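Chemist: First, the structure itself, so that you have it in front of you.
Nothing in this text is a laboratory measurement; each read-out follows from the coordinates by a stated rule. As the structure is a computational prediction, the values presented were derived from the model and not from experiment. A quick note on method: Cβ atoms are made from the backbone with ideal geometry, for glycine too, and the neighbour counts reach across all protein chains shown.
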Amino acid sequence: MKVVAAMSGGVDSAVAAARAHEAGHEVTGIHLALSRNPKSYRTGARGCCTIEDANDARRAADVIGIPFYVWDLSERFHTDVVEDFMDTYAAGQTPNPCLRCNEKIKFAAVLDRALALGFDAVATGHYARLVDGPAGLEMHRGVDHGKDQSYVLGVLDERQLRHSLFPLGDTPKSEVRREAAERGLLVADKPDSHDICFVADGDNAGWLREKLGERYDGAPFLAPGEIIDEATGTVLGEHQGTFGYTIGQRKGLRLGRPAPDGKPRYVLDIEPVSNTVTVGPRERLAVTAIHAEAPRWCGAPLAAGAEPVGVTVQLRAHGDEHRATVRVAEDGEAVRIDLVDPAFGIAPGQAAVIYDGTRVVGSATITSTERVAG
């Protein structure tokens with residue numbers, strides 16, 4: 001097959017490209033230019049998509065012996081990922097930009113361009129597995145549970161999976177690093193990326209204040225407002241803009257007075273229009289049901305309007321699995337997830353990824369939750 005290997009400049013994508021090449025595929029390495037001004041994005045080894053990363057990817061391609069190109073997707077990235085990130089925070093919700101990047105950039109824009117150029121598939125360094133199942137191609141968790149990235153790939157549909165390769169899904173991360181060193185790849189010991197690539201200094205709140213100020217000049221959620229105790233309505237402090245908070249947050253509240261019951265307070269609700277942040281004790285974060293929209297299925301969809309199906313769900317990129325039942329609305333546009341045991345700190349904007357064992361069934365964007373009665 002003719003394969004495009006998306007090379008981020010890290011060890012995982014470099015080894016994935018090398019394995020695809022060694023398997024006999026005709027591999028071309030590509031690095032994504034995601035900013036017109038790369039210096040405005042993060043530098044150093046804790047992010048991704050940096051100037052250093054582009055150089056590392058090029059050197060890795062040279063060692064592997066494959067052609068290498070840089071594809072400029074900066075405009076698409078800004079619209080589909082950066083602006084989505086800003087708008088979601090402006091609405092008082094919590095986005096996952098890496099998941100959105102996989103959906104809109106790596107497995108939509110990149111795959112579409114690759115197919116148009118005559119390639120057959122896109123290979124990445126994600127830790128996930130593709131398996132031929134009874135009803136067709138299935139995506140499963142990677143064998144290295146600590147590195148499994150199926151959560152951020154839960155937005156992929158069946159067509160995208162058919163044109164994807166995940167060469168690392170059956171390998172522990174320690175083995176990938178060892179293999180990289182044996183292949184002479186200089187990125188063998190490079191630290192994994194952790195931070196948001198387009199926030200240059202890692203200060204999310206500061207970046208949001210600057211960018212949202214340009215995008216939403218004069219909006220209420222940019223101004224200081226009240227932090228209110230849910231139970232009593234008492235004003236406990238002042239925030240500097242609702243965009244700087246997320247459901248479940250405890251650190252950084254800087255309450256000016258103690259809560260009436262003396263318990264620590266957590267963010268329970270964010271209202272950008274009224275410019276208020278509501279806080280309460282941790283037990284008020286306990287969620288029993290989740291409403292989500294825009295489901296995307298990694299194979300055959302769950303039947304709309306059918307009886308609830310027993311599944312597990314993952315609600316954060318590095319979170320635990322929760323036993324649940326899921327029901328798809330009659331129109332197929334929304335799902336309800338009822339949790340067997342409560343989950344804490346679940347925020348609108350996050351993704352709920354549905355699993356059947358290790359198989360990814362699909363995902364949906366959380367719009368609201370139901371909490372344990374207080």
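Chemist: Lys and Arg at +1, Asp and Glu at -1: add these up for the other residues within a Cβ distance under 13 Å of Gly118 and post the number.
Modeler: Counting the neighbours of Gly118, the net charge comes to -1.
Chemist: Could I ask something else about it? Pull out the extension gain between Arg282 and Asp203, defined as 0.36 nm times the separation in residues minus the alpha carbon to alpha carbon distance; nm, one decimal.
Modeler: That pair, Arg282 and Asp203, stretches by 25.9 nm at full extension.
Chemist: Now, a different point. Treating cross-link reach as a plain straight distance, find the aspartates and glutamates whose alpha-carbon is under 19 Å from the alpha-carbon of Lys211, omitting any fewer than eight places away in the same chain.
Modeler: Glu75, Asp80, Glu83, Asp84, Asp87, Asp195, Asp201, Asp203
Chemist: Starting with the highest mean, order 199-210, 267-278 by the number of other Cβ atoms within 10 Å, averaged over the residues of each peptide.
Modeler: Result, highest mean first: 267-278, 199-210.
Chemist: Another question, if that's okay. Give the order of Glu230, Glu75, Glu138, Glu238 when sorted by the count of other beta carbons within 10 angstrom, beginning with the fewest.
Modeler: The most exposed by this proxy come first: Glu75, Glu238, Glu230, Glu138.
Chemist: May I pose another question? A 24 angstrom limit on the alpha carbon distance is what I want to check against. Which of Lys173/Lys251; Lys104/Lys173; Lys106/Lys173; Lys104/Lys190; Lys104/Lys251; Lys147/Lys263 exceed it?
Modeler: Those over the limit are Lys173/Lys251; Lys104/Lys173; Lys104/Lys190; Lys104/Lys251; Lys147/Lys263.
Chemist: Give, as a single signed number, the net charge of other residues whose beta carbon lies under 9 Å from the beta carbon of Val326, with Lys and Arg counted +1 and Asp and Glu -1.
Modeler: Net of charged neighbours comes to +1.
Chemist: Report the charge-dipole magnitude of the chain in Debye, nearest 20, computed about the Cα centre from +1 at each Lys and Arg Cβ and -1 at each Asp and Glu Cβ.
Modeler: Charge dipole, the chain, about its Cα centre: 680 debye, nearest 20.
Chemist: Of all the Cα-Cα pairs you can form in region 109-208, what percent are over 19 Å apart?
Modeler: For region 109-208, the fraction of Cα-Cα distances above 19 Å is 57 percent.
Chemist: Rg and Dmax in Å for region 286-371, alpha carbons only: what are they?
Modeler: Gyration radius and largest Cα-Cα distance of region 286-371: 11.4, 32 Å.
Chemist: Please give the net charge around Met139, taking every other residue with its beta carbon less than 9 angstrom from that of Met139, where Lys and Arg add +1 and Asp and Glu add -1.
Modeler: Residues near Met139 contribute +2 overall.
Chemist: Give me the extension gain from Asp217 to Phe344: residue separation times 0.36 nm, minus the current Cα-Cα distance, reported in nm with one decimal.
Modeler: Contour length minus Cα-Cα distance gives 42.4 nm.
Chemist: Something else now. Provide, in order from the shortest bin, the percent of all Cα-Cα pairs of the chain in each 10 Å bin, continuing until the bin that contains the maximum pair distance.
Modeler: It works out to 5, 22, 30, 25, 14, 4, 0, in whole percents.
Chemist: For region 221-280, what Kirkwood radius comes out of the mean inverse Cα-Cα distance, in Å?
Modeler: In region 221-280 this quantity evaluates to 11.1 Å.
Chemist: Compute the distance from the alpha-carbon center of region 131-182 to that of region 312-344, in whole Å.
Modeler: First find each Cα centre; the distance between them is then 22 Å.
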